[in-house]
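One structure is given below, encoded as structure tokens.
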Amino acid sequence: MNFPKDFLWGGATAANQFEGGYNEGGKLDSTADHYILGSRKAPRLFTEKIDKAKYSYPSHSASDFYHHYKEDIALMAEMGFKLFRMSINWSRIYPHGDDKVPNPCGIEFYRNVFIELKKYNIEPLVTISHNEMPFHLAKTYDGWLNRKTIQFYLNFCQTIFSEYKGLVKYWLTFNEINCLTQKGTGYFSAGIYSVSNKDLGSGVIENISERNARIQHDDLVKQYQALHHQFIASAKAVKLAHTIDQNYQVGCMIGGICQYPYTCRPEDMLLIQKERRNSLYYCADIQVKGKYPSYSKRFFKENNISIQILEGDEEILKEGTVDFFSMSYYSTGCVTTEKNENLALGNLAFGISNPHLKTSQWGWQIDPNGLRYFLNEIYDRYQLPIMVVENGLGQVDVLEADHTIHDDYRIDYMRQHIKAMSEAIQDGVDLIGYTAWGCIDLVAASTGEMKKRYGMIYVDVDDYGKGSFKRYKKDSFYWYTSVIKSNGNILE
Ligand code: BG6
């Protein structure tokens, strides 16, 4: 294996799926706190009022990292982690989002987490906004649709960049920013309260077309406007980070919407080019190259999208390009101009299924070669260091009577993907880090289920937030420990 000797091995989480501690220490509701439990068949519905008597809200207790962080970090250290990806819950630092002063208790919590990580020489990789924002900003300002939100975000950045100087080096401005190019993600990714559909519907298999029909064209326009505001916020945050600490490295985080043409028809080649640009490259081009890509004009025209870009915005984008590229990668799908309704499932839209691939228990197609292929594509295009900051297998695990968990399926998935990364490195890709998703079990974003487990550490809690919250090491825990110890050589 060819991993560089300082390769950043680790794991990844997100506050709203991992932290729990709902409304503790002065935190108020985030947008994510209003999603109830769903399933592979049923969408996660949004409720305006929290009604615990009727519904289960997975983010409220999640894996309770809020009260277990010391124990969790010690376990990560035991595995040999060099990097831990986590996010800061914005509503813990600025409970309303537009507060004049930050919440000291929230600042203290993350400081303690970073100090604990430092104790073990684990570098934090902090996502500033991972699919949540203070609920008040959504309700009162319509989230990212409102340009004022840029300033609220920058106040938040100013606070965390100054408070955690010396404790953090790597930041990501927005999780899977390109999620907003997909239909029906306005509230989930940008807190746009006025969109017609706030369900997180990716779990619904049969009803995708019905659900899309409920989403109005206006919503898509709102999403692209919100996205523009996020680009401006991200660019300004990059600049701000560098003024506060020259050592700060700020990256983009792009959801790996990786698709193939289903046939070799020339029409399918044109379609894949268009789809890849719109769903994968569009955001990355802006964040890495600092300007709207030439193809965006035609896309906006054909889709009847017009957004407000103010004078000076072009300059801001140019001055705030990111230092490194990061992406999630779970699966691939296909697109075709032919009639084909075999949908492929995934965390994002993947088009139709590929007959050459097997699927996970949740219907996601497993494709390690796709990871090698896309890493090469991305490196060729951007020439920036890359981190794979999410990758893993969501599966039901069995906790045996003796508290062991035999997850050879997860080991197999990870081994294949780590091998694919090693191949990409040999191809010449400057891959600098890998954080396995949900290294300690956490709530699934698309379904809200706890039973869809990704971890190498089992958390004893069910879909309804009931359990002891005790942590148990899975077989993959020991396997990943050896992978890190040998810097990937154990895979040979
Ligand atoms: C990514 C998100 O899209 O996919 C994560 O950034 C999410 O937040 C992950 O958890 C896996 O999806 P799911 O629905 O299985 O949790």
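Worth pointing out:
- Within the range 361-386, restricting attention to residues that are touching a strand residue (DSSP E or B) at 6+ places or on another chain (Cβ under 6 Å) and within 14 Å of the ligand (Cβ to nearest atom), the residue that is farthest from residue 323 (Cα to Cα) is 361.
- Checking each residue in the range 255-296 for being β-branched (Val, Ile, Thr) and either touching an Asp or Glu at 6+ places or on another chain (Cβ under 7 Å) or part of a helix (DSSP H, G or I) (or both) picks out 263, 272, 286, 288.
- Strands (runs of 3 or more DSSP E) contained in the range 392-492 and holding at least 1 residues within 16 Å of the ligand (Cβ to nearest atom) and among the β-branched types (Val, Ile, Thr): 431-437, 457-459
- Restricting attention to the range 1-49, the residues that are of a type in the set (A, V, I, L, M, F, W, C) and touching a helix residue (DSSP H, G or I) at 6+ places or on another chain (Cβ under 7 Å) total 9.
- Condition met for residue 346 (under 23 Å from the mean Cα position of the chain (by Cα), within 16 Å of the ligand (Cβ to nearest atom), within 30 Å of residue 264 (Cβ to Cβ) and modelled with pLDDT under 95): yes
- Within the set 75, 45, the sole residue that is surrounded by fewer than 23 Cβ atoms within 10 Å (Cβ to Cβ), within 16 Å of the ligand (Cβ to nearest atom) and either closer than 28 Å to residue 456 by Cβ or under 23 Å from the mean Cα position of the chain (by Cα) (or both) turns out to be 45.
- Selection status of residue 55, more than 26 Å from residue 472 (Cα to Cα) and at pLDDT 95 or above: yes
- Check on residue 227, in contact with a helix residue (DSSP H, G or I) (Cβ under 9 Å, 6 or more places away or on another chain), in a helix (DSSP H, G or I) and closer than 20 Å to residue 184 by Cβ: yes
- Only one of the numbered conditions (1) free of Cβ contacts under 8 Å to residues at least 40 places away in the same chain; (2) of a type in the set (Ser, Thr, Tyr); (3) crowded, with 24+ Cβ neighbours inside 10 Å is violated by residue 409, and that is (3).
- Hits in the range 378-406 (condition: surrounded by 15 or more Cβ atoms within 10 Å (Cβ to Cβ) and of a type in the set (Val, Ile, Thr)): 378, 386, 388, 389, 405
The values are calculated or read from the model by the stated rules, or taken from the named source; none is laboratory data. Every value quoted in this text rests on a predicted model; they were computed, and no experiment measured them. Here Cβ is always computed from backbone atoms with ideal geometry, including for glycine, and neighbour counts include all displayed protein chains.
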